[in-house]
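Attaching a single structure in structure tokens format; questions to follow.
The values are calculated or read from the model by the stated rules, or taken from the named source; none is laboratory data. Just so we're clear, the structure is a prediction, and the values are computed from it rather than from any experiment. All Cβ positions, even for glycine, are placed from backbone atoms using ideal geometry, and neighbour counts span all protein chains on display. For the accessible areas, the whole protein counts, side chains as well, though only heavy atoms, and no ligand, DNA or RNA atoms are used. Shrake-Rupley method; radii C 1.70, N 1.55, O 1.52, S 1.80 Å.
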Amino acid sequence: MTTESPAGLPGNAAGAPLIELAGIEIIPESERHAKPRDLFWPWFAANVSVFGMSYGAWILGFGISFWQAAVVSVIGIVISFFLCGVIAIAGKRGSAPTMVLSRAAFGVRGQKVPGIVSWLTSIGWETYLAILAVLATSSIIARLGGDGGTAVKLVATIVVAALIVGASVLGYHTIMKLQSILTWLTGFITILYVVLTFGHIDWAAVSAIPAGSLGAVIGALVMVMTGFGLGWINIAADWTRYQKRTASDGSIIFWNTFGASVAPIPLVIVGLLLAGSDPALSEAINSDPLGALASILPIWVLVPFLLTAVLALVSGAVLGIYSSGLTLLSLGIKVPRPVAAGIDGTILTLGTIYVVFFAANFIDPFQSFLITLGVPLASWAGILIADILRRRRNYDEAALFDPKGIYGAWDWTSIGTMVAASLIGWGFVVNNFAESASWNNWQGYLLPLIGGKEGDWAYANLGVFFALVLSFVVTYFARAAKIRAQEAA
């Protein structure tokens, strides 16, 4: 079998090397020691963040009631992470990163098309998490009476970047241990936060929020799905490539979904209650989520709040940078995995420095660009989910690295489906940052079919649903015969 990065050192969990050298090649049987329940730790630690409460303000921003928002939150979080669990099955079947396994659907070379989208999305969102961590540090230090200016931001940037890059370079085994520790630490402080802010809730004000239209509800649902599970879906199989072949598909889906959902659901609901109780807090969350949430805390708890809030953001960013490094390797970059993680970490650091110290208004355009990538990413997810559900056998490992193998160099059905679904999807979404990112106002060109950009459905962002569902349906039927032929070969 041809490999595209250095082989990892043999060993098991107890004797694993300090730095994981395994890149995108197939993980040997002797190293597949993980169990489905191990998936709980990375997914829980990456999502047990008070940052999740910020979504309460953003969901209510669609003009829906608390009860509508609560239902949307539960459904959106669970379904989106369930889809991550389905894609995670591929990691067990192929013991390779997500973007390598996706070659079975797109072709060994054709996979570079969604691979570029995945890499941009991962590196972008993790940079955004790092930026939030630095801004939160500045805001909380200022509230404590210190100077939250340039010096504090510089130190925070160095510390945050060092933690993210260091853990991602060390690799899988270090990250799994780190996440299990962060789970308990961030979980405890998050519970303390909820207890301390419970008196801030105004039940009468929350109950008085009027209900919104069906279009507004669906728009909020799409936003929740995109912000939670769909934001992780392109790396879901990276954490199951060390799973035993005998692991149950159902167990993998369950632990992925449960671990990722059990914390965000109550956090978002508390966020809904806080934002619905205090319009000023809700408005402040838009510009500085963690700083705003910290503003209602007593002074004595700000330091532990700051530490755990930043560590939670770092935890999520570590998963993303680790996986973006693997994606970089899958695109053909010939470097060891730790170097690839270091390259992406450097990009994250430079991006954070630019936004924090030099950009006058970069956050909104940055988010607009990343949300735009959500449409082709949803299309890719639909294609890969259909491909996984159609297959009954493990992947041909050698063929994943051989353009002349059974998966071929290019799968034009999948590529054509992704392009067409993306073009349709972009036609049914609205640029939520129209003033700050006017260059992105080309989207929504199909909205006149459902009432125009000012209609009730304009901000439902149906394009994400259309891209996901259309790609799934087309792939499930159009590639069925080809998948059967591949497995027969």
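Kindly provide the set of residues from the range 116-137 that are of a type in the set (Gly, Ala, Ser) and surrounded by fewer than 24 Cβ atoms within 10 Å (Cβ to Cβ), ordered by number.
Gly124
Could you identify the single residue in Ser315, Ser330, Ser295 that is among the polar types (S, T, N, Q), more than 21 Å from Gly259 (Cβ to Cβ) and touching a Leu at 6+ places or on another chain (Cβ under 9 Å)?
On inspection, the qualifying residue turns out to be Ser295.
For the range 192-210, indicate whether the set of residues that are closer than 29 Å to Ala467 by Cα and either open to solvent by 30 Å² or more (accessible area, probe 1.4 Å) or not hydroxyl-bearing (Ser, Thr, Tyr) (or both) is non-empty.
no
How many of the residues making up the range 43-84 are touching a Ser or Thr at 6+ places or on another chain (Cβ under 6 Å) and at pLDDT 95 or above?
Going through the range 43-84 one residue at a time, the tally reaches 4.
Related question: Within the bounds of the range 354-366, is there any residue that is open to solvent by 20 Å² or more (accessible area, probe 1.4 Å), more than 19 Å from the chain's Cα centre (by Cα), modelled with pLDDT of 90 or more and not small (Gly, Ala, Ser)?
no
Quickly run through the range 452-479 and pick out the residues that are outside any helix (DSSP H, G or I), open to solvent by 70 Å² or more (accessible area, probe 1.4 Å) and more than 16 Å from Ile424 (Cβ to Cβ).
Hits for the range 452-479 are Lys453, Glu454, Asp456.
A further question follows. Which ranges mark the helices (runs of 4 or more DSSP H) fully within the range 81-175 that have 1 or more residues being under 30 Å from Trp410 (Cα atoms) and of a type in the set (Ser, Thr, Tyr)?
The qualifying helices (runs of 4 or more DSSP H) are 98-101, 112-143.
Return yes when Ile385 is open to solvent by 60 Å² or more (accessible area, probe 1.4 Å), in contact (Cβ under 8 Å) with a residue 40 or more places away in the chain and part of a helix (DSSP H, G or I) and no when it is not.
Considered against the rule, which asks whether it is open to solvent by 60 Å² or more (accessible area, probe 1.4 Å), in contact (Cβ under 8 Å) with a residue 40 or more places away in the chain and part of a helix (DSSP H, G or I), Ile385 comes out as no.
Determine whether the range 288-295 contains at least one residue that is open to solvent by less than 20 Å² (accessible area, probe 1.4 Å) and either more than 21 Å from Ala45 (Cα to Cα) or without any contact (Cβ under 8 Å) to a residue 40 or more places away in the chain (or both).
Looking through the range 288-295, at least one residue is open to solvent by less than 20 Å² (accessible area, probe 1.4 Å) and either more than 21 Å from Ala45 (Cα to Cα) or without any contact (Cβ under 8 Å) to a residue 40 or more places away in the chain (or both).
Oh, and also: Yes or no: the range 162-180 includes at least one residue that is over 20 Å from the mean Cα position of the chain (by Cα), touching a residue at least 12 places away in the same chain (Cβ under 8 Å) and open to solvent by less than 10 Å² (accessible area, probe 1.4 Å).
The answer is no, given that none of the residues of the range 162-180 is over 20 Å from the mean Cα position of the chain (by Cα), touching a residue at least 12 places away in the same chain (Cβ under 8 Å) and open to solvent by less than 10 Å² (accessible area, probe 1.4 Å).
Which residues, taken from the range 226-257, are in a helix (DSSP H, G or I) and open to solvent by 10 Å² or more (accessible area, probe 1.4 Å)?
Of everything in the range 226-257, those that are in a helix (DSSP H, G or I) and open to solvent by 10 Å² or more (accessible area, probe 1.4 Å) turn out to be Thr226, Gly227, Leu230, Gly231, Trp232, Asp249, Gly250, Ser251, Ile253, Phe254, Trp255, Thr257.
Still on this model: With respect to Leu221, is the statement that it is more than 27 Å from Lys112 (Cα to Cα), assigned to a helix (DSSP H, G or I) and either basic (Lys, Arg) or modelled with pLDDT of 85 or more (or both) true?
Taking the combined requirement at face value, the residue satisfies it.
Quick one: count up the residues across the range 17-40 that are open to solvent by 30 Å² or more (accessible area, probe 1.4 Å) and of a type in the set (Lys, Arg).
The total comes to 2.
Out of all the residues in the range 138-148, which are open to solvent by 40 Å² or more (accessible area, probe 1.4 Å) and among the β-branched types (Val, Ile, Thr)?
Residue satisfying the conditions is Ile141 alone.
For Thr346, state whether it is modelled with pLDDT of 85 or more, of a type in the set (Val, Ile, Thr) and either part of a loop (DSSP other than H, G, I, E, B) or surrounded by fewer than 24 Cβ atoms within 10 Å (Cβ to Cβ) (or both).
The answer is yes for Thr346.
Right, next: What's the total number of residues in the range 94-114 that are within 21 Å of Tyr476 (Cα to Cα) and either of a type in the set (Gly, Ala, Ser) or surrounded by 23 or more Cβ atoms within 10 Å (Cβ to Cβ) (or both)?
14
Quick check on my filter: what residues within the range 402-418 are touching a helix residue (DSSP H, G or I) at 6+ places or on another chain (Cβ under 8 Å), more than 15 Å from Ala481 (Cα to Cα) and part of a helix (DSSP H, G or I)?
Hits for the range 402-418 are Ile415, Thr417, Met418.
Sticking with this one: Just name the residue that is surrounded by the fewest Cβ atoms within 10 Å (Cβ to Cβ) out of those in the range 258-287 that are outside any helix (DSSP H, G or I) and of a type in the set (A, V, I, L, M).
Val262
Still on this structure, please answer the following. Starting from residues that are of a type outside the set (Ser, Thr, Tyr) and at pLDDT 85 or above, keep the ones in the range 136-157 and report whichever is farthest from the chain's Cα centre (by Cα).
The extreme case among them is Ala151.
Check Ala211 against each of (1) in a helix (DSSP H, G or I); (2) touching a helix residue (DSSP H, G or I) at 6+ places or on another chain (Cβ under 8 Å) and name the one condition it does not meet.
The one condition Ala211 does not meet is (1).
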